[in-house]
1. Might you let me know whether segment 431-453 holds any residue that is of a type in the set (Val, Ile, Thr) and away from the ligand (no atom under 16 Å from the Cβ)?
2. Of (1) touching a residue at least 60 places away in the same chain (Cβ under 8 Å); (2) within 15 Å of the ligand (Cβ to nearest atom), Tyr136 satisfies all except one. Which?
3. Tyr150: open to solvent by 10 Å² or more (accessible area, probe 1.4 Å) and more than 16 Å from the ligand (Cβ to nearest atom), yes or no?
4. Return a yes/no flag: does segment 78-87 have any residue that is polar (S, T, N, Q) and within 16 Å of the ligand (Cβ to nearest atom).
5. For a quick check of your reading of the model, give me the residue pairs whose first member lies in segment 442-457 and is within 24 Å of Tyr110 (Cα to Cα), whose second is surrounded by fewer than 24 Cβ atoms within 10 Å (Cβ to Cβ) and aromatic (Phe, Trp, Tyr), with beta-carbon atoms closer than 7 Å and at least 6 apart or on different chains.
6. Which one is nearest to Glu325 (Cα to Cα), of the residues in segment 118-150 that are polar (S, T, N, Q) and part of a loop (DSSP other than H, G, I, E, B)?
7. Run down Ile332, Ile301, Ile292 and say which single residue is assigned to a helix (DSSP H, G or I) and open to solvent by 50 Å² or more (accessible area, probe 1.4 Å).
8. In segment 364-460, which helices (runs of 4 or more DSSP H) lie fully inside it and hold 3 or more residues that are out of contact with any strand residue (DSSP E or B) (no Cβ under 7 Å at 6 or more places or on another chain)?
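The values are calculated or read from the model by the stated rules, or taken from the named source; none is laboratory data. Model, not experiment: these values are computed from the prediction. Positions of Cβ are generated from backbone atoms using ideal geometry, with glycine treated the same way; all protein chains shown enter the neighbour counts. Please note that ligands, DNA and RNA were not included when accessible areas were found on the heavy atoms of the full protein model with its side chains. Shrake-Rupley method; radii C 1.70, N 1.55, O 1.52, S 1.80 Å.
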Amino acid sequence: MTYKNFIDNEWQDASSGKKFGVFNPFTEEQITEVPASSDYDIDMAVRAAKFAFEKWSGLTAGDRRDHLRTLANSSREHAESIARTISTEMGKPFKDAMTEIDDLADYLEYYSELARDQVGRIVAPVDNRSMSLVRYEPYGVVGCIIPWNYPLSLMGWKLAPALAAGNTIVMKPSEVTSLSILHWAELVAGDMPQGVINVVTGYGQEAGEALVKHPQVPIITFTGSVQTGKRIARLAADNLKKVSLELGGKDPVIICDDADIEVAARGTSWGGFVNAGQVCTSVERVYVYDSIVDRFTEALIEETKKVRLGDPMDNDTDVGPMASEAQFNNTINKVALAKDQGCRVLIGGKRSEKFERGYFYEPTIFDNVKPGMDIVTEESFSPVIPIQKIKSFQEAIEFANSTKYGLGCTIFTKDIERAMTAADKIKSGTVCINNPLMENIAAPFGGMKQSGIGREHGIEALEEFREAKHIFIDYDHSVKDWWFGDKSE
Ligand code: NAD
């Protein structure tokens, strides 16, 4: 494998020669090192992307579609190799990593077709002798900054609409999953015209900030934490850049007294523990009607016992190690704080003793949870589910809306009136009824409140990456007749 930056379809070390380590969270060993890039390297990549933009944006949408299809096909061809790198680098079970590549390819195919269909519109003219066209134009070089929890999927969510709309890309992967993106670039991105996709690895505060500040990058699309999102928004304000932010969540699940308890327990366990709880739309807090809380809790504990921790490369593994030592320590600290604040551990609550090494944390359930505790207000991004009792539907809605986040939520009920009232009243970008964490490539995904600005997926994502221009055509050159009047006499 090549462990260099991918700039202008060539492999380059960081100009400073600096590197940082990439680790395997299953073995806790260093795999290799990748470039720790600086503003100089970002500048090289932006120049390449800017040069490539002239040609790429001038292609027809059909020609771009052909390139993106090739990218999708070769991503699928190399899926196993790329998925192995993801599993090795961040501990995700191999079978789940495979779905990331499928996701990426789907997005490339979907947006390459959508962009052909959606190029502009004609609106009602101001008079009978003119026409108003609305045309969508790409911004130029898009700066993409992505996290580590779904490296290939989340790259695809940005890359596909941005490229389909005619932009070129400078991508700054997470420090934790730089290798996954470089490996993908090595296997497939060379098929793309020179400079259209560039990957520069490095620390957020150095390479990431250089990308955000670069004057030739008019738009930044970011996925990551609320804290970093705020920093990026502040930096981008200096140049009044367009910014789209996909940030953290604290998704609630409401279990009503008429819910199918087995289904709700299975859904909650999966939604809270998949990817070791490192999902922006993870189940982060559960509100259960008083009358069924004991039955539900028992069912959830039984489901939790079934979750198999193990080697990410093993097909029977449901959940691998946490992605990094930092993430593992974050979980340990959050659980310790919850216990200090009075929560009771019903299952889990500690490092898994099944393994001698690797950042394995046991799926954890808490009760004795009170409003205002950190475990129900701050994102944990961990395999931890706090359960809180509720007395009424009104209370459930109030609790659901009680955090600064607004990414997603789920309600389990058979009552359509309750379900749709929750959909009306809960302030979040997605509302799932009877099945958590559901997404649809054609439906917008994103956050309300501090969970973000902008949307991914659907036609909405394409709109993020292009600007509308009004073109006014006057048929008979009647320049301001109505102002000057007839001056012939
Ligand atoms: P993070 O904010 O620490 O880092 C994300 C990216 O930003 C990384 O590439 C990092 O290098 C870069 N970065 C860090 N500081 C920067 C700075 N000052 N300037 C520019 N770039 C900088 O987040 P993370 O730990 O990688 O990811 C976890 C977070 O991402 C969680 O909060 C999770 O909820 C969120 N997330 C959101 C979504 C969504 O779609 N809403 C999806 C996945 C993850």
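1. Yes.
2. If we test Tyr136 against (1) touching a residue at least 60 places away in the same chain (Cβ under 8 Å); (2) within 15 Å of the ligand (Cβ to nearest atom), just (2) comes out false.
3. Details: open to solvent by 10 Å² or more (accessible area, probe 1.4 Å): yes; more than 16 Å from the ligand (Cβ to nearest atom): no.
No: the conditions fail for Tyr150.
4. Pass one, segment 78-87, residues polar (S, T, N, Q): 81, 85, 87.
If we keep only those that are within 16 Å of the ligand (Cβ to nearest atom) as well, we get none.
No, there is no match, as no residue in segment 78-87 is polar (S, T, N, Q) and within 16 Å of the ligand (Cβ to nearest atom).
5. Cβ pairs passing all conditions: Arg455/Phe445; Glu456/Phe445; His457/Phe445.
6. First, the residues of segment 118-150 that are polar (S, T, N, Q): 118, 128, 130, 132, 149.
Adding the requirement that they be part of a loop (DSSP other than H, G, I, E, B) leaves 118, 128, 149.
Numbers: Gln118: 45, Asn128: 67, Asn149: 14 Å.
Ranking the candidates gives Asn149 first.
7. Working: Ile301 fails: open to solvent by 50 Å² or more (accessible area, probe 1.4 Å); Ile292 fails: open to solvent by 50 Å² or more (accessible area, probe 1.4 Å).
Answer to the check: Ile332.
8. Once the helices (runs of 4 or more DSSP H) in segment 364-460 are filtered for at least 3 residues that are out of contact with any strand residue (DSSP E or B) (no Cβ under 7 Å at 6 or more places or on another chain), what remains is 393-400, 416-425.
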